[in-house]
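The structure appears right after this line, and notes come after that.
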Amino acid sequence: MPAKRAVDLAGCLILLLLLSPLLLAVAAAVAATSPGGILTRQDRTGLGGRTFAMLTFRTKRSGDLGPTPVGPLLRRYFLDDLPQLINVVRGEMSLVGPRPTGPDDSDHADRARLGVRPGITGLWQISGRSELPWEEMAVLDLHYVEQHWLGLDMLILARTLPTALAGRRAARPVRLA
């Protein structure tokens, strides 16, 4: 879908420019508060089943010793996901879509997700995220895969910022019908 890719690139480049001071501040905070790399790479499956390295700011100490001092704050406000803007520029992800799954996941919902690029945000992210049962998350992702269009993407993007500012525990469910 060329229009979606154009919106992804334009939106992503604008976001990278506007958020560059925040990105630098988060990177500096991660580096200053815990030894190790600033970014983590997690293998994920994307469009057509291709594997890619999804980027996030590091929120855990090396050796699985718990969160970094800034990790809980980054996770609460989804700041750890900001490096995924680079994945969008690379064409591995979209701004909006189902969340990417691990390469070993293989249920029906995961196979259906392979028809679209995975996204940084999507229906389940603005609908309650971890408060939703796994089955409802899968239904929301499948609904997106079957019904996605640019207007739905714009609605999801408009609701993402208030959801992120409210933090993980304060998100409210969105009803589709």
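Summary of computed values
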| read-out | value |
| --- | --- |
| Count of the range 45-75 residues which are charged (D, E, K, R) and within 13 Å of the chain's Cα centre (by Cα) | 1 |
| Hits in the range 84-101 (condition: open to solvent by 10 Å² or more (accessible area, probe 1.4 Å), in contact with a strand residue (DSSP E or B) (Cβ under 8 Å, 6 or more places away or on another chain), over 23 Å from Ala166 (Cα atoms) and modelled with pLDDT of 95 or more) | Ile86, Arg90, Glu92 |
| Test: residue in the range 73-81 that is in contact (Cβ under 8 Å) with a residue 60 or more places away in the chain and more than 27 Å from Ala166 (Cβ to Cβ) | no |
| Filter result for Asp81 (closer than 20 Å to Leu15 by Cβ and acidic (Asp, Glu)) | yes |
| Out of Asp104, Asp8, Asp81, sole residue that is among the acidic types (Asp, Glu) and open to solvent by 80 Å² or more (accessible area, probe 1.4 Å) | Asp104 |
| Matching residues in the range 29-72 - criterion: being open to solvent by less than 60 Å² (accessible area, probe 1.4 Å), at negative phi and part of a helix (DSSP H, G or I) | Ala29, Val30, Ala31, Thr33, Leu47, Gly71 |
| Selection count where residues are farther than 18 Å from Val88 by Cα and crowded, with 21+ Cβ neighbours inside 10 Å, scope the range 120-143 | 6 |
| Test set (1) open to solvent by 60 Å² or more (accessible area, probe 1.4 Å); (2) not in a loop (DSSP other than H, G, I, E, B) - Leu19 fails condition number | (1) |
| Sole exception among (1) touching a strand residue (DSSP E or B) at 6+ places or on another chain (Cβ under 9 Å); (2) surrounded by fewer than 18 Cβ atoms within 10 Å (Cβ to Cβ); (3) basic (Lys, Arg) for Arg117, by number | (2) |
| Close pairs from the range 141-167: first in a helix (DSSP H, G or I), partner open to solvent by 70 Å² or more (accessible area, probe 1.4 Å), Cβ under 6 Å, at least 6 apart | Ala164/Tyr77 |
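The values are calculated or read from the model by the stated rules, or taken from the named source; none is laboratory data. Everything numeric here is computed off the predicted structure, so don't read it as measured data. When we count neighbours, we look across all protein chains shown, and the Cβ atoms used for this are built from the backbone with ideal geometry, even at glycine. These accessible areas exclude ligands, DNA and RNA; they are computed on the full protein's heavy atoms, side chains included. Shrake-Rupley method; radii C 1.70, N 1.55, O 1.52, S 1.80 Å.
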